[in-house]
1. When the chain is treated as a GNM, springs tying every alpha-carbon pair under 10 Å, which of 86, 138, 56 comes out with the largest mean-square fluctuation?
2. Could you give the C-alpha radius of gyration of the chain expressed as a fraction of 2.2 N^0.38 Å, taking N as the number of residues it contains?
3. Using a Gaussian network model of the chain whose springs link C-alpha atoms within less than 10 Å, name the residue from 38, 69, 49 with the highest mean-square fluctuation.
4. Can you give me the relative contact order of the chain as a percent, contacts being Cα pairs under 8 Å and 6 or more apart?
5. Looking at the chain as a GNM with Cα springs under 10 Å, which of 57, 142, 195 has the largest mean-square fluctuation?
6. Using every pair of alpha-carbon atoms in segment 1-65, split the distances into 5 Å bins beginning at 0 and state the percent of pairs per bin, rounded to integers.
7. Can you give the calculated 222 nm mean residue ellipticity of the chain, where each DSSP H run of n ≥ 4 adds -39,500 (n - 2.57) and the sum is split over every residue, rounded to the nearest 500 deg cm²/dmol?
8. Roughly what would the spin-label model give for residue 115 and residue 62, points 7 Å off Cα along C-beta, in nm?
């Protein structure tokens, strides 16, 4: 547990320029507190102590504003930045080195049974206010833009934006953006307009010929 805690603190230092010291992170960061309490709750959940597990998870939610169901499986070095309003459902699976911002929901659609919640790959960034719903997969090294609503699988190394979300960058290339950059993400509407303008120019050129 101590080794996991050291990893978590270092991950926050690496990704949050506002982090000033280890003591500040340990005592004042709600994301770290929520992850630590979830690990305790998850152990009880796996042992069948459902009431104790839920008690710990609800206590964490009251303290941090971050609600993680004790059944959720979380990998190493998860960073929750700010975190207010985050909800993570029971059958959610999260890989290693994932970054989640405030207002994110990893939830269900209400029509699925069994595996009802998303599976998030390694090194994924999920930006503020986005919703990832249903038993879908978000591939490794992908990015979900702020406010996106993801209802379908996302391939690895992809960027998705919009409602409903669509892939705007992939082609087998890793998205080369800074870890905290939620702004410089392509606008799918503008991309479509650019494509239409390009086709018009080609048609005009053919007419002139």
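1. Between 86, 138, 56, it is 56 that shows the largest mean-square fluctuation.
2. 1.17
3. Judging by the Gaussian network model, the answer is 49.
4. Reported relative contact order: 11 percent.
5. Result for the chain, Cα springs under 10 Å: 195 fluctuates most.
6. 4, 18, 25, 19, 18, 10, 5, 2
7. It lands at -11500 deg cm²/dmol.
8. 3.5 nm
FYI, it's all coordinate maths here, none of it is from the lab. Just so we're clear, the structure is a prediction, and the values are computed from it rather than from any experiment. Using ideal geometry, Cβ is built from the backbone for each residue, glycine included, and neighbour counts are taken over all protein chains shown.
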